[in-house]
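The values are calculated or read from the model by the stated rules, or taken from the named source; none is laboratory data. Every value quoted in this text rests on a predicted model; they were computed, and no experiment measured them. In case anyone asks, the SASA skips ligands and DNA or RNA and just uses the protein heavy atoms, side chains included. Shrake-Rupley method; radii C 1.70, N 1.55, O 1.52, S 1.80 Å.
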Amino acid sequence: MISIIIPTYNEEKRVLHTLCDLVKVLNSKDHEIIVADADSKDNTVKVVENFAGAQENKIKIKIIKFDERIGRGLSLSKIIKNTHSEIVVYIDAD
């Protein structure tokens, strides 16, 4: 299993394109995309939720919302510690 982590902060204009590309490449229920949002002030979370709901369980998409901006390193560390994947990949939303 591969987990792909995408940290976001105000990425509503970029994240959809990235998610679409990832789903095309992964195309398996054995993988997951984890979007870690650092209290975005735009519609990033809504865009991800709408995309995830439209996937018909093709691929698991999780959204982890942090109530404050704790920093990229700490948020990645917290997520990686709680993932059970053999491979964890981190990419930016753009």
Here is a list of conditions, (1) open to solvent by 60 Å² or more (accessible area, probe 1.4 Å); (2) over 21 Å from residue 88 (Cα atoms); (3) modelled with pLDDT of 85 or more, and residue 68 meets all of them except one; can you say which number that is? (3)
Selection status of residue 85, small (Gly, Ala, Ser) and open to solvent by less than 30 Å² (accessible area, probe 1.4 Å): yes
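Kindly indicate the residue of the range 1-57 that is assigned to a helix (DSSP H, G or I) and among the acidic types (Asp, Glu) and also most open to solvent (accessible area, probe 1.4 Å) among those meeting that condition. So that I can check it myself, show each step before the final result.
Step one: of the range 1-57, the residues assigned to a helix (DSSP H, G or I) are 15-26, 44-53.
Those left that are additionally among the acidic types (Asp, Glu): 21, 49.
Values: 21: 63, 49: 85 Å².
So the residue we want is 49.
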